[in-house]
1. Identify which of SER55, SER210, SER82 has the largest mean-square fluctuation in a Gaussian network model of the chain, with springs joining Cα atoms closer than 10 Å.
2. Can you tell me the dipole magnitude for segment 234-286 around its Cα centre, using point charges on the Cβ only (Lys, Arg +1; Asp, Glu -1), in Debye to the nearest 20?
3. Longest segment of the chain with no chymotrypsin sites (Phe, Trp or Tyr not before Pro) in a DSSP loop having at most 16 other Cβ atoms within 10 Å?
4. Explain nothing, just the number: dipole magnitude of segment 212-311 about its Cα centre with +1 on each Lys and Arg Cβ and -1 on each Asp and Glu Cβ, in debye rounded to the nearest 20.
5. Which cross-chain or sequence-distant (5 or more) residues have an amide H under 5 Å from the amide H of SER288, H modelled 1.01 Å from N in plane?
6. With point charges of +1 on the Cβ of Lys and Arg and -1 on the Cβ of Asp and Glu, referenced to the Cα centre of segment 121-192, which listed residue (LEU135, GLY154, ALA168) lies farthest in the positive direction of the dipole?
7. In Å², what does the accessible area per residue of the chain work out to with a 1.4 Å probe?
8. I'd like to know which of ALA202, MET258, ILE184 lies farthest towards the positive end of the charge dipole of the chain, counting +1 on Cβ of Lys and Arg and -1 on Cβ of Asp and Glu.
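The values are calculated or read from the model by the stated rules, or taken from the named source; none is laboratory data. Note that this is a predicted model, so its numbers are computed, not measured. Because the Cβ atoms are built from the backbone with ideal geometry, glycine has one as well, and the counts that use them run over all protein chains shown. Protein only, heavy atoms only, side chains kept; ligands, DNA and RNA dropped before computing areas. Shrake-Rupley method; radii C 1.70, N 1.55, O 1.52, S 1.80 Å.
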Amino acid sequence: MTTHFLRDDDLTPDAQRAVLELAQQLKSGAVAPRPLEGRAVAVIFDKASTRTRVSFSVGVHELGGYPLVLDSATTQSGRGESVEDTVRVLDRHVAAIVWRTYAQAGLERAAAVSAVPVVNALTDEFHPCQVLADLQTVAEHCGGLAAEGPALAGRSLAYLGDGANNMAHSYLLGGVTAGLDVRIGAPADYAPDPAVVDRAHAIASRTGGSVLVTTDAREAVDGVTAVATDTWVSMGQEQEAGDRESPFVPYRVDEDLMARGNDAVFLHCLPVYRGLEATAEVVDGDRSVIWDEAENRRHAQKAVLLHLLGGLT
Ligand code: CP
Ligand code: NVA
């Protein structure tokens, strides 16, 4: 059976720790495998991207492969060719398919017919590659990876803002897989999907992590290792932008909220809108690790591709 990376919980705690260890080795240069020599990886964008496009393109190149970057505007998928037919063509040519799209269900339809691994490069529901990079970044700045067991056992992460978006859902699933205490601080009308929260509780019960969903931003950040946020208007929600500001103002990450953490680092997947979800002082302040986080996309994604393609050989 082909293995895919569609959601954060597609990696077990042990597999996630192994991927993060490999990401660190790739970053340090301790290993430099090139298993994609002579092969291509399709990287498809149905939405805009800077970091994902660059980090997968350069990462596939560093693994010896050719990044075949496609988009729906210039392929037949934009004219109605089905996901299934597109995948059945691509998988005759490429070693893996990396896809940024809208509904998670579309990505799952792709995986259901693909003979090669499919990787989620962001959907409306999840952004698992980003959260792997974030976990790598927390490990770098906050005590390292655990030698065994869940990767970040004993540490905590608060996410403030739109609790119903892809980043919140991926922090929940990826975070508890790593053994984190994950806190979501969000308005009641923008709470996470209950099915994702239930799944996070189930994983946490096995990893020693925990889950808190609260409308109180201060409760969410009290004593945490890392504070994260994201845009209040995700791709595809542009028409709601007018309604997506005032409910979130109490969740704007400022220096007062950061001071409630335990010398916490600040994370943001980027792009960031200074003065909205976080103040410029925090984004550009000395606890911000956003540029390491952006770099770690490449290392974490190379490690995921290696994992899906059978390891270092
Ligand atoms: N963080 C992230 O996925 O950025 P892009 O949308 O630029 O790829
Ligand atoms: N939640 C954001 C993440 C962007 C990387 C979005 O989906 O637009």
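1. Of SER55, SER210, SER82, the Gaussian network model singles out SER82 as fluctuating most.
2. On the way: 4 positive and 12 negative charges, 24 e Å.
Using Cβ point charges on Lys, Arg, Asp and Glu, segment 234-286 gives about 120 debye.
3. Working: sites that count: TYR102, TYR273.
It runs 103-272.
4. Values: 9 positive and 19 negative charges, 98 e Å.
Here segment 212-311 has a charge dipole of around 460 debye.
5. Those lying under 5 Å, H to H, from SER288 are PHE266.
6. The residue sitting farthest along the positive end of the dipole is GLY154.
7. Numbers: 12670 Å² over 313 residues.
Per-residue value: 40 Å².
8. The one lying farthest along the dipole's positive direction is ALA202.
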